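Chemist: Quick one: this structure, given as structure tokens, is what I'll be asking you about.
The values are calculated or read from the model by the stated rules, or taken from the named source; none is laboratory data. Since we're looking at a predicted model, the values are computed, not measured. Counting neighbours? That spans all protein chains shown, and the Cβs are built from the backbone with ideal geometry, glycine included. Surface areas here come from the heavy atoms of the whole protein model, side chains and all, with no ligands, DNA or RNA. Shrake-Rupley method; radii C 1.70, N 1.55, O 1.52, S 1.80 Å.
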Amino acid sequence: PPPSPPPEMDQRFLRLRDDVVFSTRSRPYFDRVLWPRLLDLAGGRLAPPAERRRFARRGPSPGTLEGLLAEVERRA
């Protein structure tokens, strides 16, 4: 028999995954797209991540985003 097709992923999950990936690559994308969403989820009180000095145009590191998301989850 032919192999079964891979399971489809939820579109909301895929958009969120893309937002996280794009945010690590671009600080302006993080500031305009993901940061407002995180603030809304956290009730408006969340400390902003420091900018990367070495890579000024890059967004927060994956580890920093992981910490922000963990903080949002604790508050939810």
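Chemist: At what distance in nm do the modelled label points of ALA70 and VAL21 sit from each other, each positioned 7 Å from its Cα along Cα→Cβ?
Modeler: Inter-label distance under the simple model: 2.4 nm.
Chemist: Please work out how much accessible surface GLU73 shows to a 1.4 Å probe, ignoring ligands, DNA and RNA, in Å² rounded to 10.
Modeler: Probe radius 1.4 Å; accessible area of GLU73 about 140 Å².
Chemist: What does the accessible area per residue of the chain come to in Å², with a 1.4 Å probe and no ligands, DNA or RNA counted?
Modeler: Per-residue value: 79 Å².
Chemist: If you wrap a convex hull around the C-alpha atoms of the chain and split its volume per residue, what is the figure in Å³?
Modeler: Normalising the Cα hull of the chain by residue number yields 123 Å³.
Chemist: Further question on the same structure: Suppose R0 equals 30 Å; then what is the FRET efficiency for ALA47 and GLU8 from their Cβ-Cβ distance, rounded to the nearest 0.05?
Modeler: Calculated transfer efficiency: 0.25.
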